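One structure is given here, and the rest of the page talks about it.
The values are calculated or read from the model by the stated rules, or taken from the named source; none is laboratory data. All values reported here derive from a predicted model rather than from experimental measurement. Here the Cβ is made from the backbone with ideal geometry for all residues, glycine too, and neighbour counts use every protein chain on show. Side chains are part of the model used for accessible areas, which takes the heavy atoms of the whole protein and leaves out ligands, DNA and RNA. Shrake-Rupley method; radii C 1.70, N 1.55, O 1.52, S 1.80 Å.
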Amino acid sequence: MNNAEQFQKLFSGFKRGYGIFDPTLPDRDYDFKHNPPTTELYQQHLEGKISLGIVPITDNGNCKWGALDFDDHKKDKNNIQKFDYKRLLEKIKFLKLPLTVCKSKSGGAHCHLFLDQYYKAGDIRHILKKFVYALGYERDSVEIFPKQETLTPNDNGNFINLPYH
């Protein structure tokens, strides 16, 4: 199994679509593609050619991973603060939380929770909400992925950009 296949397995989720960050798009930076995310897309992401976003929830409402998106450093658009990674990492280590921290595209942090199997998205969201509280953050300052507990056949879910772009 090559790196892209391992990355795809680690960040598996919604099979009917994915997100792409594209700063050349008029009026928005992101585009949702209604095609399955392929190993080639994961490879292009790892090579820095694209920025791939994956929806963690599957059509049957399960997840194998979740994420916290810390963007509180951007609250005041006139005074963007540098994100305090050291403080976050110290809290995670002290609390012995099973989170992997990566720098986000915007300069904040994404904390990923990786699981051994698929669990209900509602259960994952509940656990991640508890982590936000334990870490001392305001719930409204941290985005939780998956954002949905279930999807209808017409829903696409919300994607989060993957690390290592």
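Tabulated data for the structure shown
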quantity	calculated
Failed criterion for Ser12 (all others in (1) touching a Phe, Trp or Tyr at 6+ places or on another chain (Cβ under 6 Å); (2) over 20 Å from Ser106 (Cα atoms); (3) open to solvent by less than 60 Å² (accessible area, probe 1.4 Å) hold)	(1)
Tally, over region 30-49, of residues that are within 27 Å of Ala121 (Cα to Cα) and either open to solvent by less than 30 Å² (accessible area, probe 1.4 Å) or in a loop (DSSP other than H, G, I, E, B) (or both)	8
Test: residue in region 55-65 that is in contact (Cβ under 8 Å) with a residue 12 or more places away in the chain and open to solvent by 90 Å² or more (accessible area, probe 1.4 Å)	no
Inter-residue pairs, beta-carbon under 6 Å, first within 14 Å of Leu89 (Cβ to Cβ) and assigned to a strand (DSSP E or B) and in region 108-120, second hydroxyl-bearing (Ser, Thr, Tyr) and open to solvent by 40 Å² or more (accessible area, probe 1.4 Å), 6+ apart	His112/Thr100
Residues of region 111-157 satisfying the condition of being in contact with a Phe, Trp or Tyr (Cβ under 8 Å, 6 or more places away or on another chain) and surrounded by fewer than 18 Cβ atoms within 10 Å (Cβ to Cβ)	Phe114, Leu115, Tyr137, Arg139, Ser141, Asn156
